[in-house]
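The values are calculated or read from the model by the stated rules, or taken from the named source; none is laboratory data. Being a predicted model, the structure only gives us computed values, none of them experimental. Here the Cβ positions follow ideal geometry from the backbone for every residue, glycine too, while neighbour counts run over all protein chains shown.
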């Protein structure tokens, strides 16, 4: 089979693994409810308002969305929510590649049932399935450990590790810790920005159509108001070029290549809120930047039949503005670049001392290059000096991942940082990347954000 056929088969195997456990009738009911939410959101589009804010945006920790993405993939090309689905595909394909083996793992039913209940954080169990797949790929026998099921050497029942893996008659406990995608501080920043952008975009559509503003907040974003931002943007519009600062906000205005955008739209419709539209507006893609677009569509189309969902395409653009923003205030940088000492400690306390153990930490590098550089230093400082004496933990593996949607494809990158108490720890893992079912190319001594930084410097 070619690569596309392999990816198709793995994605559908992930879908089948979950639906078989959930039950086809139950999934049909839950799917219908999910589709109804999409239709309710997108039923009445007001073309006089920016279309992006009127689109359905799925909640990323909803397991029904994971299942629906896998169902729609490849078979329904008009139905997609690219930024979100491109993040899900690597998980689906990796877990799907090992779905038959996962079905036969002892106690997997409890993991699937907890995830499919969809009343906690299903991405916790997604990571557990991903970790089980990782050990299967590396030739281990794997079983899940039910919660609070182990009797520790001191005779007490305590919180259990997630997995027991075995190779060459050596048994190892494995604990999985998935960090939240964003810190609470970062979520507050984003919520503040959404409120600001709703007003700023309307203002720019009136006074600076077909323009992009690049903003830097030098104080905390939560301290800024839409009026503060509009004032500095107005000043940037007056200046016309170059960076201006007013109060604690800097801004720089540039124009969208309107002729290029309109030329593309003369012969193409473009999915709203998609990487292709970002490319047309900004002139390039950058997963390390925070960006917003407000598009006034002259017309939209919904290709497909009456059962097709998530299929709103812009046929022509009447107006468009965009923004790219960041915060360089010390408190923002500090709170967004949290290290994982706390997660590591929590994981270590779940490893019973009667067997060696490993803790895996998973997180997404969504905060940009500067933040990841700071976080790496913090992790090295906190974890390399972490006192794990008196425990049986051999090491902590920290997996950082980012997703790169492009116009007609997507990529992912994973950086593994490990903190070992034994020099040979990584010999346990002939293939050290989790987010792949295959022997994926690995590059030593460089992080993916360092690669991103180097790529930006050559642009």
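Residue by residue through the range 448-459, note down the ones that are surrounded by 15 or more Cβ atoms within 10 Å (Cβ to Cβ) and over 13 Å from residue 412 (Cα atoms). Across the range 448-459, the qualifying residues are 450, 453. Among the residues making up the range 308-325, those that are outside any loop (DSSP other than H, G, I, E, B) and surrounded by fewer than 21 Cβ atoms within 10 Å (Cβ to Cβ) are 313, 315, 316, 318, 319, 324. Among the residues of the range 137-177, those that are part of a loop (DSSP other than H, G, I, E, B), over 21 Å from residue 124 (Cβ atoms) and in contact (Cβ under 8 Å) with a residue 60 or more places away in the chain comprise 138, 139, 152, 153. When residues in the range 86-114 are screened for being under 19 Å from residue 124 (Cβ atoms), in a helix (DSSP H, G or I) and in contact with a strand residue (DSSP E or B) (Cβ under 8 Å, 6 or more places away or on another chain), 5 of them pass.
Across the range 229-240, a minimum of one residue is classified as surrounded by fewer than 19 Cβ atoms within 10 Å (Cβ to Cβ), in contact with a strand residue (DSSP E or B) (Cβ under 9 Å, 6 or more places away or on another chain), without any contact (Cβ under 8 Å) to a residue 40 or more places away in the chain and in a loop (DSSP other than H, G, I, E, B).
The set of residues in the range 325-345 being farther than 30 Å from residue 293 by Cβ and in contact (Cβ under 8 Å) with a residue 12 or more places away in the chain consists of 339, 340, 341, 343, 344, 345. Checking each residue in the range 435-453 for being part of a loop (DSSP other than H, G, I, E, B) and either on the phi > 0 side of the Ramachandran plot or modelled with pLDDT of 90 or more (or both) picks out 435, 445, 446, 447. All conditions but one from (1) buried (at least 16 other Cβ atoms within 10 Å of the Cβ); (2) touching a strand residue (DSSP E or B) at 6+ places or on another chain (Cβ under 9 Å); (3) farther than 25 Å from residue 328 by Cα apply to residue 411; the one that does not is (1). Among residues that are farther than 24 Å from residue 98 by Cβ and touching a residue at least 24 places away in the same chain (Cβ under 8 Å), residue 19 is not included. Are any of the residues in the range 62-72 in a helix (DSSP H, G or I), without any contact (Cβ under 8 Å) to a residue 24 or more places away in the chain and in contact with a helix residue (DSSP H, G or I) (Cβ under 7 Å, 6 or more places away or on another chain)? Scanning the range 62-72, I find at least one residue that is in a helix (DSSP H, G or I), without any contact (Cβ under 8 Å) to a residue 24 or more places away in the chain and in contact with a helix residue (DSSP H, G or I) (Cβ under 7 Å, 6 or more places away or on another chain), so the answer is yes.
For (1) more than 25 Å from the chain's Cα centre (by Cα); (2) assigned to a loop (DSSP other than H, G, I, E, B), each residue gets a yes or a no:
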{"site": "9", "(1), (2)": "no, no"}
{"site": "14", "(1), (2)": "no, no"}
{"site": "26", "(1), (2)": "yes, no"}
{"site": "29", "(1), (2)": "yes, no"}
{"site": "32", "(1), (2)": "yes, no"}
{"site": "40", "(1), (2)": "yes, no"}
{"site": "46", "(1), (2)": "yes, yes"}
{"site": "49", "(1), (2)": "yes, yes"}
{"site": "56", "(1), (2)": "no, yes"}
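Only one of the numbered conditions (1) buried (at least 17 other Cβ atoms within 10 Å of the Cβ); (2) within 19 Å of the chain's Cα centre (by Cα) is not met by residue 210, and that is (2).
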